[in-house]
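First the structure, in the form of structure tokens, and then the observations on it.
The values are calculated or read from the model by the stated rules, or taken from the named source; none is laboratory data. Since this is a predicted model, take the numbers as computed values, not measurements. We place every Cβ from the backbone using ideal geometry, glycine too, and count neighbours over all the protein chains shown.
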Amino acid sequence: MADRTATIERRTLETGIRVRLALDGTGQSDIDTGLPFFDHMLDQVARHGLLDLEIAAAGDLEIDGHHTVEDVGICLGQAFAEALGDKRGLTRYGHAYCPLDEALGRVVLDLSGRPGLQFHAEFPRERIGAFETELTREFFQGFVNHAAVTLHVDSLRGENAHHIAETLFKAFGRALRVACTRDPRLGDATPSTKGAL
């Protein structure tokens, strides 16, 4: 069984990011982006996706969190693409519903090789701590563009912004966990009629 891990480093004039990912982990994380709520959400992805994830990010937070959040999404997407390899034997599709009190989120994804995002979530306030809620979409867009996956993110209901965001990140982790799981019935086959993803 190939070691499904990746380390990605990205340095620009706006951010410095380092991501280490192990797909076959136990949900351990060590995350520091300078945005505590975002760290909390990424920890949810690791724990519920059973991924081992280390992220260290230094960005221009004196401006705002946009560059940091987007670039973390880019790096995490690159890490997934590298760790997945040729995707042979994978389940490919994953979906999850996650509730948190009054909120309910749904994420459906396909390791399709084609980047596409449908994001449908509204937040009742602009910030959760220092995290701007509109950056939730930016994270997922950065991930999708560089992981080359099709991703549908939907908040089905919710009144509390923290709850809404948390259901989406938890469901994202769970859906990734399913899609990245090896299906022994496939053996070394690619889960596509094209023969490639």
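The single condition among (1) touching a residue at least 60 places away in the same chain (Cβ under 8 Å); (2) surrounded by 16 or more Cβ atoms within 10 Å (Cβ to Cβ); (3) outside any strand (DSSP E or B) that Asp86 does not satisfy is (2).
Scanning segment 51-64 for residues that are outside any strand (DSSP E or B) and closer than 20 Å to Gln78 by Cβ gives a single hit, Leu51. Pairing residues of segment 157-178 that are free of Cβ contacts under 8 Å to residues at least 40 places away in the same chain with residues that are of a type in the set (S, T, N, Q) and surrounded by fewer than 24 Cβ atoms within 10 Å (Cβ to Cβ), at Cβ distances under 9 Å and at least 6 apart in sequence or on separate chains, gives Ala161/Thr133.
Check Glu14, Glu70, Glu9 and return the single one that is among the acidic types (Asp, Glu) and either modelled with pLDDT under 95 or under 30 Å from Thr190 (Cβ atoms) (or both). None of the others qualify; the one that does is Glu9. Looking only at residues that are among the small types (Gly, Ala, Ser) and not in a helix (DSSP H, G or I) in segment 144-160, which one is surrounded by the fewest Cβ atoms within 10 Å (Cβ to Cβ)? So the residue we want is Ala148.
Restricting to segment 18-46, and then to whatever is in contact with a Ser or Thr (Cβ under 8 Å, 6 or more places away or on another chain) and in a strand (DSSP E or B), can you tell me which residue is farthest from Glu82 (Cα to Cα)? This residue is Arg18.
For segment 39-64, a residue qualifies if it is over 12 Å from the mean Cα position of the chain (by Cα) and surrounded by 24 or more Cβ atoms within 10 Å (Cβ to Cβ), and the qualifying residues are Ile55, Ala57.
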